[in-house]
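Student: Once you've had a glance at the structure underneath, I'll fire off some questions.
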Amino acid sequence: MRTLLILIQKEFLQIRRNSFLPRLIVAFPILIMLIMPWITTMDVRHVGVAVIDNDRSSVSRRIISHIGATEWFTLRDGAPDYATALRQLEQGEVDVIVEIPHHFERDMILATPQPINISANSVNATKGSLGMQYVLQTIARTLRELQTERGITTSVAELAVVQNRYNPTLNYRHYMIPALMIMLLILICCFLPTLNIVGEKETGTIEQINVTPLSKLTFTLGKLIPYWIIGLFVLTVAILVARLVYGLWPAGSFGTIYLAAMLFIFTMSGFSVVLANISDTMQQAVFVMFFFVMIFVLMSGLMTPIESMPRWSQTVTMFLPPRYFIEVMRAVYLKGTTMAELWHNFAALCAFAMLFNLLAAATYKKQA
């Protein structure tokens with residue numbers, strides 16, 4: 001234990017003596033959280049739609065047919081009631097709920113209709129707002145056709161009501177801020193340990209450790225623990241900035257967020273040590289790390305919804321650790337989802353953390 005504490009102290013001394021790293025650790029998350037939420041914007045496809053057909057008339061069947069005919073939507077199996085559809089919305093199985101009221105066709109003809117209720121999952125403000133607008137436009141086009149055919153005078157605006165769930169203001173920054181926190185952890189907890197170890201390889205200082213009886217596990221922990229602490233510090237700074245600047249505070253438990261963050265930090269720091277162990281130069285390590293970071297950013301749902309990707313790429317994302325942490329952060333931050341409901345994400349993060357840290361210890365080769 002004393003040896004491990006000395007190694008951790010050594011790492012912190014190295015960081016403190018570096019004129020750039022302490023400023024980077026403090027300033028980088030603050031600047032990212034202040035600038036990036038204002039400049040990111042995205043588009044979406046394949047919006048999942050659940051239709052609750054309480055009317056079961058020719059009009060309702062026509063609306064459902066038009067929704068299912070467009071490439072922008074994936075029509076899910078009809079939910080028996082709104083409560084069931086809402087659970088599907090909360091679990092991410094659908095993005096938009098369309099509820100057609102009882103006697104809609106009859107009341108539309110009598111000019112006294114109850115409006116169609118459209119509820120959109122607005123955790124992803126872009127996907128929620130665009131999906132809702134696509135559905136609304138499809139329904140409006142269908143109703144205009146019926147008005148022309150049957151001479152109905154009721155305005156389309158009276159026939160549909162929209163609700164935005166979880167992000168009622170449709171603020172896209174609320175969707176991106178949890179993702180930016182994850183990007184910070186990827187950059188801090190991946191790049192810094194890798195560059196630290198490879199830098200010691202190039203300068204030759206790591207040879208002093210190689211000739212000692214220090215175990216692989218102790219060496220790995222001594223390299224990783226400081227960056228675990230730094231990662232949690234960066235996450236805390238990002239949460240405070242999100243609160244002070246954007247007024248965004250987690251709807252769920254901080255314990256769930258920090259537990260998931262610790263598992264993710266363990267995973268990414270272990271992954272970084274694996275890459276450092278198989279890299280001989282700083283240039284090689286940077287290029288390899290950049291390759292994987294780009295895959296994490298582009299394919300894990302950080303920027304674009306996984307549901308909008310091709311099927312083969314959706315399968316690939318199952319092997320990317322950030323995917324599971326992204327789902328946890330957005331669900332807890334915006335929807336207040338509990339740990340019990342996200343158990344499969346935590347199980348995946350635990351498996352990745354164990355795998356990469358064991359690989360980190362196994363790939364470290366001492367050369368006496």
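Student: Failed condition for Leu359, given (1) crowded, with 22+ Cβ neighbours inside 10 Å; (2) in contact (Cβ under 8 Å) with a residue 40 or more places away in the chain, with all others met?
Tutor: That leaves (1) as the condition not met.
Student: Would you mind finding the one in Glu105, Glu145 that is more than 16 Å from Gly48 (Cα to Cα), assigned to a helix (DSSP H, G or I), in contact with a Ser or Thr (Cβ under 6 Å, 6 or more places away or on another chain) and modelled with pLDDT under 80?
Tutor: Numbers: Glu145 fails: in contact with a Ser or Thr (Cβ under 6 Å, 6 or more places away or on another chain).
Going through Glu105, Glu145 in turn, the sole match is Glu105.
Student: Looking at (1) surrounded by fewer than 20 Cβ atoms within 10 Å (Cβ to Cβ); (2) at pLDDT 75 or above; (3) within 28 Å of Met108 (Cα to Cα), which is the one condition that is false for Leu195?
Tutor: Answer for Leu195: the failing condition is (3).
Student: Let me ask you something else. Given the residues Ala362, Ala368, which is the only one that is farther than 14 Å from Phe264 by Cβ, outside any helix (DSSP H, G or I), among the aliphatic types (A, V, I, L, M) and modelled with pLDDT under 85?
Tutor: Residue meeting the stated conditions: Ala368.
Student: Can you name the residue in the stretch 40-67 that is within 17 Å of Glu307 (Cα to Cα) and at pLDDT 80 or above and is also surrounded by the fewest Cβ atoms within 10 Å (Cβ to Cβ) among such residues?
Tutor: Ranking the qualifying residues of the stretch 40-67, first place goes to Gly48.
Student: Please find, among Met354, Met299, the residue that is open to solvent by 20 Å² or more (accessible area, probe 1.4 Å), closer than 26 Å to Leu192 by Cα and under 16 Å from the mean Cα position of the chain (by Cα).
Tutor: Details: Met354 fails: under 16 Å from the mean Cα position of the chain (by Cα).
Selected residue: Met299, the only one of Met354, Met299 that is open to solvent by 20 Å² or more (accessible area, probe 1.4 Å), closer than 26 Å to Leu192 by Cα and under 16 Å from the mean Cα position of the chain (by Cα).
Student: In addition: Could you run through the stretch 301-326 and say how many residues are part of a loop (DSSP other than H, G, I, E, B), in contact with a helix residue (DSSP H, G or I) (Cβ under 7 Å, 6 or more places away or on another chain) and modelled with pLDDT of 85 or more?
Tutor: As a first pass, look at the stretch 301-326 and keep what is part of a loop (DSSP other than H, G, I, E, B): 301-305, 309-310, 318-320.
This time we only want the ones that are in contact with a helix residue (DSSP H, G or I) (Cβ under 7 Å, 6 or more places away or on another chain), so: 301-303, 305, 320.
Still in the running and modelled with pLDDT of 85 or more: 320.
Residues in the stretch 301-326 being part of a loop (DSSP other than H, G, I, E, B), in contact with a helix residue (DSSP H, G or I) (Cβ under 7 Å, 6 or more places away or on another chain) and modelled with pLDDT of 85 or more: 1 in total.
Student: Let me ask something else about it. Give me the pairs, please: first residue somewhere in the stretch 320-336 and surrounded by fewer than 24 Cβ atoms within 10 Å (Cβ to Cβ), second residue anywhere and of a type in the set (Asp, Glu), beta-carbon distance under 9 Å, and either six or more positions apart or on two chains.
Tutor: From the stretch 320-336, the pairs are Lys335/Glu90.
Student: Ok, one more. Would you confirm whether any residue within the stretch 336-343 is assigned to a helix (DSSP H, G or I), closer than 27 Å to Leu224 by Cα and over 15 Å from the mean Cα position of the chain (by Cα)? Can you show your working first?
Tutor: To start, the set of residues in the stretch 336-343 that are assigned to a helix (DSSP H, G or I) comprises 340-343.
With closer than 27 Å to Leu224 by Cα added as a condition, the list becomes 342-343.
Now narrow it down to the ones that are over 15 Å from the mean Cα position of the chain (by Cα): 343.
Yes, the stretch 336-343 has at least one match.
Student: Using the structure shown, decide if Phe28 is part of a helix (DSSP H, G or I), over 30 Å from Asp107 (Cβ atoms), open to solvent by less than 90 Å² (accessible area, probe 1.4 Å) and at pLDDT 75 or above. Quick ask: steps written out before the conclusion?
Tutor: On the way: part of a helix (DSSP H, G or I): yes; over 30 Å from Asp107 (Cβ atoms): yes; open to solvent by less than 90 Å² (accessible area, probe 1.4 Å): yes; at pLDDT 75 or above: no.
No; evaluated as a whole, the condition is false for this residue.
Student: Then there is this: List, please: which pairs have Cβ atoms under 9 Å, are six or more places apart or on different chains, and start with a residue in the stretch 7-18 that is open to solvent by less than 70 Å² (accessible area, probe 1.4 Å) and end with one that is aliphatic (A, V, I, L, M) and outside any helix (DSSP H, G or I)?
Tutor: Leu7/Leu214
Student: Follow-up. Got at least one residue in the stretch 244-257 being over 21 Å from Lys335 (Cβ atoms), open to solvent by 10 Å² or more (accessible area, probe 1.4 Å) and at pLDDT 85 or above? Outline the logic, then answer.
Tutor: Within the stretch 244-257, the subset over 21 Å from Lys335 (Cβ atoms) is 244-245.
Checking the rest, the ones that are also open to solvent by 10 Å² or more (accessible area, probe 1.4 Å) come to 244-245.
Cutting the leftovers down to at pLDDT 85 or above gives us 244-245.
Yes: one or more hits.
The values are calculated or read from the model by the stated rules, or taken from the named source; none is laboratory data. Owing to the predicted nature of the structure, the values given are computational and were not obtained by experimental measurement. All Cβ positions, glycine included, derive from the backbone under ideal geometry; neighbour counts span all protein chains shown. Note: accessible area is taken over every heavy atom of the protein model, side chains too, but ligands, DNA and RNA are not part of it. Shrake-Rupley method; radii C 1.70, N 1.55, O 1.52, S 1.80 Å.
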